[in-house]
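Notes to accompany the following structure.
The values are calculated or read from the model by the stated rules, or taken from the named source; none is laboratory data. Computed from a predicted model, the values in this text were never measured in an experiment. Every residue, glycine among them, receives a Cβ derived from its backbone with ideal geometry; neighbour counts consider all protein chains shown.
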Amino acid sequence: MSKIIDIQDIIKADHQLKGVVEHTPLTVNNNLSERYNCTVHLKREDLQHVRSYKLRGAYNKMSTASPEELAKGVICASAGNHSQGVAWSCARMGVKGKIYMPITTPDQKVKQAKMFGKDMVEVILKGDTFDDAFAAAMVDVKESGKLFVHPFNDKKVIQGQATVGVEILNDIKDEIDYLFVPVGGGGLASGVGSYFKEISPNTKIIGVEPLGAPAMKESLEQGKLVVLDKIDKFVDGAAVLSVGDLTLEICKEVIDEMTLVPEGRICTNILKLYNEDAIVVEPAGALTISALEDYKEDIKGKNVVCIVSGSNNDITRMQEIKEKSLIYEGLMHYFILKFPQRAGALSEFLDEVLGPNDDIVRFEYSKTNQRESGPAFIGIELSDSADYEPLIARMKSHNLDFTYVNKDDNLFGYFL
């Protein structure tokens, strides 16, 4: 029996959300279109009231609940964006809410949840991941009997997220060849995918996850719900240990392919969007655009839609984003290098080993007279990735003893 969300329920949700959510623009991005020789449309959910699509599902769930349920108050768990949707809905509807978020949630998202919820919500930070916060929230639900507003594994929430698809197909004139959808827990993909399979069945739907959190891809490949042992939490809006059982069953039917995108490439695209188009996105918001590179041959001459899911990016993360981008592009390299402890050793390195366009961006060294050599931690930024091999060759020709930190997870984690 099909698990796809009924189109009539999606249309009802669309009417329910009229005058509540922002009908966000669908715009052609000229830079991306030229880069990939196709027509790339961006569905700008980053311009939603709470700067992500999550408001749609949260409000649809709460607005269809009974007065008795709402009188008790609601509880949610979120890595950030869903919490803001629930908080905004609580303030608008006059409903008390408790919001559980991981301790690792960017500070900007925590503050936004409190701002949108005003005096109607209480924010509680628990655990290191969304799944930790979710477990704490479920204990509260069991004890209090309050309504739980799930971030993705709930039909009413999925119906609300599906209205993104309604707007896309209402606003576009031409057939859509490819639709790229970001996937975290799978609610957006389930909803939009259900609507597209009914209204635009020839569109190829590509689900996009971060490389460090492939919960949906693993589950689809194994044909069962997979709980990952660990995840990279950098793309916090799409990093879960496990997707929902309901969303998995729906995605089995609506997603044509899943693809994974390296976190470093996501960072590169965050910077490009900002520098080239003045678009500010969070890591999850750049997921779909980052996937275009892997499909550049398939999408030539095609009509493509990428859902930009959110823009709740903490400005304090920009240095980390820049560094991840430089490492991914092969422009930032870290070494532990043993210098001979004699006068002139560092000067020789600068004059004879470092290239004319290479820049030392980090240097840590302590001289120890009792030893023949002393280790230094060095970060070198290149202007061209092709300069890396010549740099290594010069280090070897000068018989320098070095360890390359970038590819050693333990050392990289320790120093950076």
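Do we have any residue at all in region 216-233 that's in contact with a Phe, Trp or Tyr (Cβ under 8 Å, 6 or more places away or on another chain) and closer than 29 Å to ASP107 by Cβ?
Checked against the condition, which is being in contact with a Phe, Trp or Tyr (Cβ under 8 Å, 6 or more places away or on another chain) and closer than 29 Å to ASP107 by Cβ, region 216-233 yields no hits at all.
Of LEU346, LEU331, LEU337, which residue is aliphatic (A, V, I, L, M) and closer than 30 Å to ASP107 by Cβ?
LEU331
Check ARG35, ARG44 and return the single one that is among the basic types (Lys, Arg), touching a Pro at 6+ places or on another chain (Cβ under 8 Å) and assigned by TED's automatic domain parsing to the domain that holds ILE289.
The unique qualifying residue is ARG44.
In region 387-405, which residue that is part of a helix (DSSP H, G or I) and in contact (Cβ under 8 Å) with a residue 24 or more places away in the chain is nearest to LYS338 (Cα to Cα)? So that I can check it myself, show each step before the final result.
The first filter runs over region 387-405 and keeps only residues part of a helix (DSSP H, G or I), leaving 387-397.
Those still in the list that are in contact (Cβ under 8 Å) with a residue 24 or more places away in the chain too: 387-388, 390-391, 394-395.
Values: ASP387: 21, TYR388: 19, PRO390: 19, LEU391: 16, ARG394: 15, MET395: 11 Å.
The selected residue is MET395.
Among the residues of region 288-335, count how many are in a loop (DSSP other than H, G, I, E, B) and hydroxyl-bearing (Ser, Thr, Tyr). It would help to see each step written out before you state the result.
Filtering region 288-335 down to residues in a loop (DSSP other than H, G, I, E, B) leaves 296-302, 309, 311-314, 329-331.
The next check asks that each one be hydroxyl-bearing (Ser, Thr, Tyr); those that pass are 309, 311.
Of the residues in that region, 2 qualify.
(1) modelled with pLDDT under 95; (2) surrounded by fewer than 19 Cβ atoms within 10 Å (Cβ to Cβ); (3) in a helix (DSSP H, G or I): which one isn't true of ASP140, the others all being true?
Only one criterion in (1) modelled with pLDDT under 95; (2) surrounded by fewer than 19 Cβ atoms within 10 Å (Cβ to Cβ); (3) in a helix (DSSP H, G or I) is unmet by ASP140, namely (1).
State whether the residues of region 55-66 include one that is in a strand (DSSP E or B) and either in contact (Cβ under 8 Å) with a residue 40 or more places away in the chain or under 23 Å from the mean Cα position of the chain (by Cα) (or both).
Start the filter on region 55-66 by keeping residues that are in a strand (DSSP E or B), which leaves none.
Looking through region 55-66, none of the residues is in a strand (DSSP E or B) and either in contact (Cβ under 8 Å) with a residue 40 or more places away in the chain or under 23 Å from the mean Cα position of the chain (by Cα) (or both).
Identify all residues within region 238-264 that are in a helix (DSSP H, G or I) and closer than 28 Å to ALA133 by Cα; write none if there are none.
Once the filter is applied, which keeps residues that are in a helix (DSSP H, G or I) and closer than 28 Å to ALA133 by Cα, region 238-264 yields ALA238, ASP245, LEU246, THR247, LEU248, GLU249, ILE250, CYS251, LYS252, GLU263, GLY264.
Are any of the residues in region 152-159 under 21 Å from VAL304 (Cα atoms) and in the same structural domain as THR259 (by TED's automatic domain parsing)?
No: region 152-159 contains no residue that is under 21 Å from VAL304 (Cα atoms) and in the same structural domain as THR259 (by TED's automatic domain parsing).
Would you say ASN202 is surrounded by fewer than 24 Cβ atoms within 10 Å (Cβ to Cβ) and assigned to a loop (DSSP other than H, G, I, E, B)?
Yes; evaluated as a whole, the condition is true for this residue.
Okay, residues lined up against (1) hydroxyl-bearing (Ser, Thr, Tyr); (2) surrounded by 15 or more Cβ atoms within 10 Å (Cβ to Cβ):
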site	(1), (2)
ALA286	no, yes
GLY301	no, no
CYS306	no, yes
SER325	yes, yes
PRO340	no, yes
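Residue-by-condition table, conditions (1) surrounded by 11 or more Cβ atoms within 10 Å (Cβ to Cβ); (2) touching a residue at least 40 places away in the same chain (Cβ under 8 Å); (3) closer than 25 Å to PRO262 by Cβ:
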{"residue": "ASP314", "(1), (2), (3)": "yes, yes, yes"}
{"residue": "MET318", "(1), (2), (3)": "yes, no, yes"}
{"residue": "MET332", "(1), (2), (3)": "yes, yes, yes"}
{"residue": "PHE363", "(1), (2), (3)": "yes, no, no"}
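Anything in region 107-120 that is surrounded by fewer than 21 Cβ atoms within 10 Å (Cβ to Cβ) and touching a residue at least 60 places away in the same chain (Cβ under 8 Å)? List them, or say none.
ASP107, GLN108, listed by residue number.
Tell me, please, whether a residue that is among the charged types (D, E, K, R) and more than 28 Å from PRO283 (Cα to Cα) can be found in region 328-346.
yes
Being over 30 Å from ILE205 (Cβ atoms), in contact with a helix residue (DSSP H, G or I) (Cβ under 9 Å, 6 or more places away or on another chain), among the acidic types (Asp, Glu) and at pLDDT below 95 is the requirement here; does GLU320 meet it?
For GLU320, the condition - over 30 Å from ILE205 (Cβ atoms), in contact with a helix residue (DSSP H, G or I) (Cβ under 9 Å, 6 or more places away or on another chain), among the acidic types (Asp, Glu) and at pLDDT below 95 - is met.
Determine whether LYS217 is out of contact with any strand residue (DSSP E or B) (no Cβ under 8 Å at 6 or more places or on another chain) and either assigned by TED's automatic domain parsing to the domain that holds ASP131 or assigned to a helix (DSSP H, G or I) (or both). Walk me through how you get there before you give the answer.
Working: out of contact with any strand residue (DSSP E or B) (no Cβ under 8 Å at 6 or more places or on another chain): no; either assigned by TED's automatic domain parsing to the domain that holds ASP131 or assigned to a helix (DSSP H, G or I) (or both): yes.
Here the answer is no, as LYS217 does not meet what is asked.
If you scan region 67-114, which residues turn out to be of a type in the set (A, V, I, L, M), over 22 Å from GLY19 (Cβ atoms) and in a helix (DSSP H, G or I)?
So the first thing to find is which residues in region 67-114 are of a type in the set (A, V, I, L, M), and the list is 70-71, 74-75, 77, 79, 86-87, 91, 93, 95, 99, 101, 103, 110, 113.
Then keep just the ones that are over 22 Å from GLY19 (Cβ atoms); that gives 71, 75, 77, 79, 99, 101, 103, 110, 113.
Result: ALA71, VAL110, ALA113.
One residue is enough: does region 188-197 have a residue meeting the conditions in contact (Cβ under 8 Å) with a residue 60 or more places away in the chain, touching a Ser or Thr at 6+ places or on another chain (Cβ under 6 Å) and either part of a loop (DSSP other than H, G, I, E, B) or outside the structural domain of VAL243 (by TED's automatic domain parsing) (or both)?
no
Just the residues that are surrounded by fewer than 19 Cβ atoms within 10 Å (Cβ to Cβ), closer than 22 Å to CYS306 by Cα and without any contact (Cβ under 8 Å) to a residue 40 or more places away in the chain, please, taken from region 209-251.
none
Taking region 30-54, which residues are more than 19 Å from ALA238 (Cα to Cα) and in a loop (DSSP other than H, G, I, E, B)?
ASN37, CYS38, HIS49
Would region 118-127 turn up any residue that is aliphatic (A, V, I, L, M) and within 17 Å of LYS233 (Cα to Cα)?
Yes: one or more hits.
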